[in-house]
Amino acid sequence: MNLRVRPWLDRIDPYRPGKPATSGDGSLASNESPIGASRSVLAAISRAAHRVHRYPDPLADELRDELAVRHGVTPDQVLVGNGSDELIYLLALAYLARDGRAVCADPAYRIDEISAHVVDAHLTKVPLLDWRHDLFAMGEVGADIAYVVNPHNPTGTVRSRAEIEAFTAAGGAGLVVVDEAYIDFADDPVELTAVPLVAGGRVAVLRTFSKLYGLAGMRIGYLVADPTVVETLRKIRAPFSVSSLAQAAALAALRDSAFSEEARRYSIAGREALSRMFEEAGYAVVPSQANFVLVEATDEQELVARLEAAGVSVRPGSSLGVPGTVRVSVPSDAGRELVARSLGVDSDAVTAMVERA
């Protein structure tokens, strides 16, 4: 028997994660939380570990109910997944397989792109306009799914809810999938979120516990959508894809609002300080609403090497579809010192400047 790989898989350039540095403080390539998870999360994981011989709740009902209350929707509008990436693959399987059509920004979030190719869909990538989604041009493309990553990765830029609502109403796509992985770091997440648009039936919103809540290693996220979309995805998802430890951690994280607010404030202040440091060193920075900044660098490799020499790992823009840039995650206090040292700027002076602003 000759085993043949499906020919369309040759189109896929595999996902390449950011490389960690020798220290956690210098690992600024993957947009992880600089302060980790809360103590209540760690305690919840420890308690849940005593029941790992049992299968997890297949639908994460307790977590789903709590998320529904938080977002003002019904539980049948929420689906919890093994990270938001699992949900992106399910969306592709359900709505793009066998010649479906998708549209996204260029650069795309890599999993949006890869999942479309996995199911042999037609993917149109529309270049950014002034670092942001060109929603007008994307609306000219007929598609089953339009992906809007808001805030966008790797630029950190946003489109308003009104702009996304107008884009949806224009009718270019059957389903608009708004990925809000980084929305908690926006200046006004409540005003920005597209969750209120879900009621119209043509918008689905993705969220993750990896960023604000510091649960990247747990792999848990969720989708808010019309019940018909949720029911369709439930049919094709693995029955126990979200572990009991992840469910316990996510519940504890949701309930520890003091810690999540601290993480939000820390990241926003850290983003401002990080931007100022690069600007002090002579670099332009794209205004960000995420937990990272995109730095414009004529000599991308020189800046990457300069940071690496100080023990800091970052993502070269060429690996993210934006050559001539470098993406840098918001660091811890110790990580900020490493960045400052590599750039030759005074970290304390910059921090004081941000605090006075």
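The values are calculated or read from the model by the stated rules, or taken from the named source; none is laboratory data. This structure is a prediction, so every number in the text was calculated from the model and none was measured. With ideal geometry, Cβ positions are generated from the backbone for all residues, glycine too; neighbour counts draw on all protein chains shown.
SER318: surrounded by 16 or more Cβ atoms within 10 Å (Cβ to Cβ) and of a type outside the set (A, V, I, L, M, F, W, C), yes or no?
So SER318 does not fit the description; no.
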Practice problem: Of all residues in the stretch 101-129, count the ones that are more than 19 Å from the chain's Cα centre (by Cα), under 11 Å from TYR147 (Cα atoms) and either outside the structural domain of GLU140 (by TED's automatic domain parsing) or in a helix (DSSP H, G or I) (or both). | Solution: 0
Quiz item: Any residue in the stretch 23-31 that is among the aliphatic types (A, V, I, L, M), farther than 15 Å from ILE220 by Cβ and touching a helix residue (DSSP H, G or I) at 6+ places or on another chain (Cβ under 9 Å)?
Solution: yes
Self-check item: Filtered residues of the stretch 1-42 (kept if among the β-branched types (Val, Ile, Thr) and in a loop (DSSP other than H, G, I, E, B))
Solution: VAL5, ILE12, THR22, ILE35
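Residues checked against (1) part of a helix (DSSP H, G or I); (2) touching a Cys at 6+ places or on another chain (Cβ under 6 Å); (3) under 30 Å from HIS122 (Cβ atoms):
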| site | (1), (2), (3) |
| --- | --- |
| PRO58 | no, no, no |
| GLU62 | yes, no, no |
| LEU67 | yes, no, no |
| ASP76 | yes, no, no |
| VAL80 | no, no, yes |
| ILE88 | yes, no, yes |
| ASP99 | no, no, yes |
Exercise. Go through the residues of the stretch 148-160 one by one and say whether even a single one is modelled with pLDDT under 95 and in a loop (DSSP other than H, G, I, E, B).
Key: no
Quiz item: Can you name the condition, by its number, that ALA253 falls short on among (1) closer than 26 Å to PRO189 by Cα; (2) in contact (Cβ under 8 Å) with a residue 60 or more places away in the chain; (3) out of contact with any Leu (no Cβ under 7 Å at 6 or more places or on another chain)?
Solution: (3)
Quiz item: Given the conditions (1) farther than 28 Å from ASP106 by Cβ; (2) of a type in the set (Ser, Thr, Tyr); (3) not assigned by TED's automatic domain parsing to the domain that holds ILE111, which single one is not true for SER267?
Solution: (1)
Quiz item: Restricting the stretch 1-44 to residues that are surrounded by 19 or more Cβ atoms within 10 Å (Cβ to Cβ), modelled with pLDDT of 85 or more and of a type in the set (A, V, I, L, M, F, W, C), which is farthest from LEU303 (Cα to Cα)?
Solution: ALA44
Practice problem: Among the numbered conditions (1) under 21 Å from THR232 (Cα atoms); (2) touching a strand residue (DSSP E or B) at 6+ places or on another chain (Cβ under 9 Å), tell me where THR124 comes up short. | Solution: (1)
Practice problem: State all residues of the stretch 238-265 that are over 22 Å from ARG51 (Cβ atoms) and not acidic (Asp, Glu); if no residue qualifies, say none. | Solution: SER257, ALA258, PHE259, SER260, ALA263, ARG264, ARG265
Exercise. Run down ASP120, ASP106, ASP134, ASP99 and say which single residue is farther than 23 Å from GLY201 by Cβ, among the acidic types (Asp, Glu) and free of Cβ contacts under 8 Å to residues at least 24 places away in the same chain.
Key: ASP99
Self-check item: Residues satisfying the stated conditions in the stretch 253-310, i.e. assigned to a loop (DSSP other than H, G, I, E, B) and under 20 Å from the mean Cα position of the chain (by Cα)
Solution: PRO287, SER288, GLN289, ALA290, ASN291
Practice problem: Would you mind finding the one in LEU343, LEU307, LEU294, LEU274 that is under 26 Å from ASP187 (Cα atoms) and out of contact with any Gly (no Cβ under 8 Å at 6 or more places or on another chain)? | Solution: LEU274
Practice problem: Could you run through the stretch 199-229 and say how many residues are touching a strand residue (DSSP E or B) at 6+ places or on another chain (Cβ under 8 Å) and either acidic (Asp, Glu) or surrounded by fewer than 22 Cβ atoms within 10 Å (Cβ to Cβ) (or both)? | Solution: 2
Exercise. Give just the number: which of (1) at pLDDT below 95; (2) among the aliphatic types (A, V, I, L, M); (3) under 30 Å from ARG39 (Cα atoms) does ALA250 not satisfy?
Key: (1)
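Here are some residues: ASP120, ASP144. Which one is more than 25 Å from ARG16 (Cα to Cα) and of a type outside the set (Ser, Thr, Tyr)? First the steps, then the outcome.
Working: ASP120 fails: more than 25 Å from ARG16 (Cα to Cα).
Selected residue: ASP144, the only one of ASP120, ASP144 that is more than 25 Å from ARG16 (Cα to Cα) and of a type outside the set (Ser, Thr, Tyr).
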Practice problem: Please work out which one of (1) without any contact (Cβ under 8 Å) to a residue 40 or more places away in the chain; (2) surrounded by fewer than 24 Cβ atoms within 10 Å (Cβ to Cβ); (3) within 21 Å of PHE136 (Cα to Cα) is the condition LEU175 fails and give its number. | Solution: (1)
Practice problem: Take the stretch 326-351 and flag every residue that is crowded, with 24+ Cβ neighbours inside 10 Å and polar (S, T, N, Q). | Solution: SER329
